[in-house]
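Beneath this line is the structure, given in structure tokens, with notes to follow.
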Amino acid sequence: MTMKTLFLTLMLLACASSIAGKTTLTWWQFWTDPSIKPVIAEMVAEFERNNPDIKIELTDLTWSNGHEKIVIAFGSQTGPDIVELGSDWIAEFAANNLLLDMGRHIEADSADFDGWAMATYNEKVFAHPWILGTRVLFANRRLLERADYDSTFVPLTFDQLKEAARKINELGEKKYGWGSNAPEKHRLYKKYMPFFWSFGAQVYSDDGKYCLLASDSAVLALTEYKELHDKYGYVANQRGIEDAFLDGNIGFILSGDWLLKRIELENRDISFLTTLMPGRQRPGRSFLGGEFLAVNGACEHPEAAMRFVQFITSPENQIRFCRANRSANPSSVKAQQDEYFQSNIHLRTFIQQMIFAKHPPVDPDWVYMEAAIEEAVESAVFGSGLPAQSLLEARKKIENVKSR
């Protein structure tokens, strides 16, 4: 063997050894939109440059079947090392001992992020907050002006909201006071729950022993929601409501930050305001959820996986993500103070609403509980059920699920 051949052989062996010595981590995530996918890829590449001993294998999921794929993968012990989970999925996987307890990894920086409660099950933390989400009240300023409200008007209470919706509805010309969500799975209950919480209702008692879904407060909240629907509602799915609002035909809707993105990208000619969810006394409560990063409990390299999780969820990368995706709710408290959010009145509304927002119970059976609530709202609003009876039936369904 010549010296040149020997040198090339040694180089190849060194490269092979270097590749073989890398820690490979698999990450499954849902952000595939063209506006954000390149940013995800850039962050992965940057992490790999800063951590040459780690390789990230990225797999994209879709919301249509992503949950099912994650369940199947964990069930066959082929789950990814790192996985993006919706906030209401965490308890489902944590209860089956499938996720890493992150407690010792996040204790030092826990005050720097919002959303930990949604990732905490049986007093253990199983996921890191990433991008949170809530809903605020959008109002059409032009319709308010036509209904004789001045430019300073903001509905602070349910009574003020109903009165303004009534006046807009009375304009005629196919104008509606309120955008009422059709019986759309996983969406309808999210429109009712802000009313539910704003009236002081609870799904469970403080000690967790009793389901309170049919309390007087819950019934009153559903009655108020139904009144807006019956008297002033334009009924459609989420997209249809937003289309009608952007076309200038609805006075008020509850929606998320994606609507701000539509208005900007579609260059919509609409004068609107965003404000906190009204309540019996200001402020009301809105729905809180979000996207979290969890680590497989069977991951062979948990320290490396947590290094990646903390990199992706860092304040700097959350700002980078939100700028690209036009998202309004980073979990990082530091990121929330960035000029990008503070200089935009509508993004500030979303940041403020998170303070006055609640999340569903962290419960492995939440998917069944959610379905029961949604069926109750559908029965009372779109069927012949009375609010009290519909919620009572939902409570019984939940109690049956929890008694199994």
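Exactly one of (1) under 28 Å from the mean Cα position of the chain (by Cα); (2) closer than 16 Å to residue 273 by Cβ; (3) of a type in the set (A, V, I, L, M, F, W, C) is unmet by residue 147. Its number? Residue 147 satisfies every listed condition except (1).
Within the range 258-295, the set of residues being touching a strand residue (DSSP E or B) at 6+ places or on another chain (Cβ under 7 Å) and among the acidic types (Asp, Glu) comprises 291 only.
Yes/no matrix, rows are residues, columns are (1) touching a Lys or Arg at 6+ places or on another chain (Cβ under 8 Å); (2) of a type in the set (A, V, I, L, M, F, W, C); (3) outside the structural domain of residue 87 (by TED's automatic domain parsing):
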| position | (1), (2), (3) |
| --- | --- |
| 293 | no, yes, no |
| 296 | no, no, no |
| 301 | no, no, no |
| 320 | no, no, no |
| 329 | no, no, no |
| 334 | no, no, no |
| 350 | no, yes, no |
| 374 | yes, no, yes |
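Please enumerate the residues belonging to the range 213-229 that are within 25 Å of the chain's Cα centre (by Cα) and touching a residue at least 40 places away in the same chain (Cβ under 8 Å). 213, 218, 222, 224, 225, 226, 228, 229 - these are the residues of the range 213-229 that are within 25 Å of the chain's Cα centre (by Cα) and touching a residue at least 40 places away in the same chain (Cβ under 8 Å). With respect to residue 367, is the statement that it is at pLDDT below 95 and β-branched (Val, Ile, Thr) true? Spelling it out, residue 367 is indeed at pLDDT below 95 and β-branched (Val, Ile, Thr).
Exactly one residue out of 218, 244, 304, 298 is more than 24 Å from residue 342 (Cβ to Cβ) and surrounded by fewer than 17 Cβ atoms within 10 Å (Cβ to Cβ), and it is 298.
Residues checked against (1) charged (D, E, K, R); (2) at positive phi; (3) without any contact (Cβ under 8 Å) to a residue 24 or more places away in the chain:
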{"residue": "26", "(1), (2), (3)": "no, no, no"}
{"residue": "30", "(1), (2), (3)": "no, no, no"}
{"residue": "57", "(1), (2), (3)": "yes, no, no"}
{"residue": "81", "(1), (2), (3)": "yes, no, no"}
{"residue": "92", "(1), (2), (3)": "yes, no, no"}
{"residue": "103", "(1), (2), (3)": "no, no, yes"}
{"residue": "111", "(1), (2), (3)": "no, no, no"}
{"residue": "114", "(1), (2), (3)": "yes, no, no"}
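Just give me the residues in the range 232-245 being of a type outside the set (Asp, Glu) and either part of a loop (DSSP other than H, G, I, E, B) or touching a strand residue (DSSP E or B) at 6+ places or on another chain (Cβ under 7 Å) (or both), in sequence order. Let's see the steps before the verdict.
So the first thing to find is which residues in the range 232-245 are of a type outside the set (Asp, Glu), and the list is 232-241, 244-245.
Those that are of a type outside the set (Asp, Glu) and either part of a loop (DSSP other than H, G, I, E, B) or touching a strand residue (DSSP E or B) at 6+ places or on another chain (Cβ under 7 Å) (or both): 232, 233, 234, 235, 237, 238, 241, 244, 245.
Pairs are defined by a Cβ separation below 9 Å, a sequence spacing of at least 6 or placement on different chains, a first member in the range 250-262 that is at negative phi and polar (S, T, N, Q), and a second member that is outside any strand (DSSP E or B) and crowded, with 24+ Cβ neighbours inside 10 Å; the pairs so defined are 255/241; 255/245.
Considering each of 297, 279, 290 in turn, give the residue that is within 18 Å of the chain's Cα centre (by Cα) and of a type in the set (Gly, Ala, Ser). Lay out the reasoning, then the answer.
On the way: 297 fails: within 18 Å of the chain's Cα centre (by Cα); 279 fails: within 18 Å of the chain's Cα centre (by Cα).
On inspection, the qualifying residue turns out to be 290.
Of all residues in the range 38-66, those satisfying the criterion of being surrounded by fewer than 16 Cβ atoms within 10 Å (Cβ to Cβ) and either modelled with pLDDT under 95 or out of contact with any strand residue (DSSP E or B) (no Cβ under 8 Å at 6 or more places or on another chain) (or both) are 38, 42, 45, 46, 49, 50, 52, 62, 63, 64, 65.
Residues that are assigned to a helix (DSSP H, G or I), buried (at least 20 other Cβ atoms within 10 Å of the Cβ) and not β-branched (Val, Ile, Thr) within the range 166-195 comprise 169, 188, 189, 190, 191, 192, 193, 194, 195, listed in sequence order.
Considering only residues in the range 48-91 that are assigned to a loop (DSSP other than H, G, I, E, B) and within 22 Å of residue 34 (Cβ to Cβ), the one that is nearest to the chain's Cα centre (by Cα) turns out to be 63.
Of the set (1) over 30 Å from residue 26 (Cβ atoms); (2) surrounded by 17 or more Cβ atoms within 10 Å (Cβ to Cβ), all apply to residue 400 but (2).
The values are calculated or read from the model by the stated rules, or taken from the named source; none is laboratory data. Since we're looking at a predicted model, the values are computed, not measured. A quick note on method: Cβ atoms are made from the backbone with ideal geometry, for glycine too, and the neighbour counts reach across all protein chains shown.
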